[in-house]
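Reading through the structure tokens given below for one structure.
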Amino acid sequence: MSGPVHARQSRVVLGDWTRSILSTVAESVVAILLAVVVGGIGITVFSGLLPNHSAFDVGLPFAAYGALWTGAVGSLNGLTSTLAYSTPLILAGLGVGLGFKAGLFNIGGRGQFLMGAVGAMAAVTMMGTHPNSLVVIPLALVVGTLFGTFAGFIPGALKAVSGAHEVVTTIMLNYVFVFATYWAISGPLRLPNSPQSITADVSTRGAALPIILGRDGHAGILLALLAIPLIWFLLYRTTLGFEIRAAGANADAARYAGMKTRQLIVLTMSISGGLCGLAGATTLLGVVHQMAPGYDTTIGFDAITVALLGRSNPIGVALAGLLLGGMRAGAQTMQIQVGVPPELVDALQAIILVFLVINLLRRWLPTRTGFESVALVPEGAK
């Protein structure tokens with residue numbers, strides 16, 4: 001009898017798991033579709049404000065989305081641009097998603113990204129004018145990752161030691177790291193004898209990541225592709241990953257089971273910051289190559305959308321990063337071909353995030369006594 005009973009139990013568990021996965025995917029897909037519909041309505045309503053378009057041009061949304069698709073995947077250069085835009089989103093999204101798994105909301109990706117770029121630039125500057133690319137590129141990537149790791153370590157340590165909430169500390173540290181970046185570019189990293197505050201071009205120092213595909217498909221893409229299975233393995237095939245997920249599901253139960261939750265907080269935030277720092281380093285070495293005092297990013301906040309949309313699963317994060325990266329890559333084509341401004345992409349991303357948060361609140365509010373106890377960490381992320 002044990003055989004048939006065990007088989008039925010296995011089928012029930014497998015069925016529940018399958019339904020959970022399908023439900024999770026459906027929520028993200030519905031959020032995307034609703035954002036597309038709302039965006040299309042907005043384009044139609046405001047079409048009269050665009051040059052060469054009549055008021056309430058109902059065909060404009062279809063033309064805009066078609067151009068967006070063409071710019072993202074319609075050519076080899078479009079595909080490589082999508083991959084290049086997606087690389088920092090995936091890396092930073094993995095970092096934010098890892099924090100979600102531990103019940104931590106890391107919104108300091110902006111500062112950690114900037115610290116990664118500063119660290120990479122510092123390594124390039126330290127190596128001089130004619131270094132060996134096989135040495136300086138790995139060194140810059142490692143130093144950038146370490147800078148990001150330290151930027152994540154600070155709020156993790158503050159939470160572990162004093163209980164300071166990571167949302168508050170990461171917001172404050174974002175500003176600290178922005179001004180630290182400004183100081184570094186204007187001071188120790190400034191290009192000597194330059195009339196303006198600007199760093200050296202990493203391509204002149206042998207530190208630019210090589211182009212391996214198309215027009216701008218740099219080697220940093222491979223790092224993002226490698227990080228996906230590594231983070232998945234960490235989360236689902238290691239003791240540390242189990243402890244991270246257990247602490248995120250119920251910190252008190254994890255502590256009662258003997259897990260060192262304070263160390264887990266520090267370690268998880270450090271790894272999260274390191275991934276955001278690696279995103280900054282790859283962007284500097286692979287895309288921008290140079291930093292000015294106004295150098296800044298939205299990657300840290302975009303990574304929150306990526307992590308939520310991907311449900312903090314590394315594979316889901318990768319798909320979400322590709323989606324947002326493709327939207328970024330196709331935005332210029334959309335503007336050139338149909339005259340719709342690229343800011344539409346920002347609006348679509350914001351609408352997706354709104355629908356995701358609405359869905360989270362819809363599921364959590366019935367089980368909570370008030371808004372103050374609602375934690376913006378997705379159920380699927382635990």
Any residue at all in the stretch 75-88 that's free of Cβ contacts under 8 Å to residues at least 12 places away in the same chain and either hydroxyl-bearing (Ser, Thr, Tyr) or within 19 Å of MET327 (Cβ to Cβ) (or both)? yes
Restricting attention to the stretch 165-194, and to residues there that are polar (S, T, N, Q) and in contact with a Gly (Cβ under 9 Å, 6 or more places away or on another chain), which single residue is surrounded by the most Cβ atoms within 10 Å (Cβ to Cβ)? THR170
So, in the stretch 147-196, exactly how many residues are under 21 Å from ILE304 (Cα atoms) and among the aromatic types (Phe, Trp, Tyr)? 5
All conditions in (1) in a helix (DSSP H, G or I); (2) in contact (Cβ under 8 Å) with a residue 40 or more places away in the chain; (3) surrounded by fewer than 18 Cβ atoms within 10 Å (Cβ to Cβ) are true of ARG215 except (1)
Only one of SER197, SER270 is out of contact with any Phe, Trp or Tyr (no Cβ under 7 Å at 6 or more places or on another chain), polar (S, T, N, Q) and either buried (at least 17 other Cβ atoms within 10 Å of the Cβ) or in a loop (DSSP other than H, G, I, E, B) (or both); which? SER197
Restricting attention to the stretch 262-276, which residues are hydrophobic (A, V, I, L, M, F, W, C), within 9 Å of GLY156 (Cβ to Cβ) and in contact with a Pro (Cβ under 9 Å, 6 or more places away or on another chain)? MET269
Before we move on, is ILE336 buried (at least 17 other Cβ atoms within 10 Å of the Cβ) and either not aromatic (Phe, Trp, Tyr) or not in a helix (DSSP H, G or I) (or both)? no
Please work out which residue is surrounded by the most Cβ atoms within 10 Å (Cβ to Cβ), limiting yourself to the stretch 142-160 and to residues that are under 15 Å from VAL266 (Cβ atoms) and not hydrophobic (A, V, I, L, M, F, W, C). GLY148
Filter result for the condition that a residue is part of a helix (DSSP H, G or I), modelled with pLDDT under 95, surrounded by 19 or more Cβ atoms within 10 Å (Cβ to Cβ) and not acidic (Asp, Glu), over ALA253, ALA247, ALA279: ALA247
Would a scan of the stretch 312-330 turn up a residue that is in contact with a Gly (Cβ under 9 Å, 6 or more places away or on another chain), modelled with pLDDT under 90, surrounded by 20 or more Cβ atoms within 10 Å (Cβ to Cβ) and of a type in the set (A, V, I, L, M, F, W, C)? no
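The values are calculated or read from the model by the stated rules, or taken from the named source; none is laboratory data. What you see is a predicted model, and the numbers here were worked out from it, not measured in a lab. Here the Cβ is made from the backbone with ideal geometry for all residues, glycine too, and neighbour counts use every protein chain on show.
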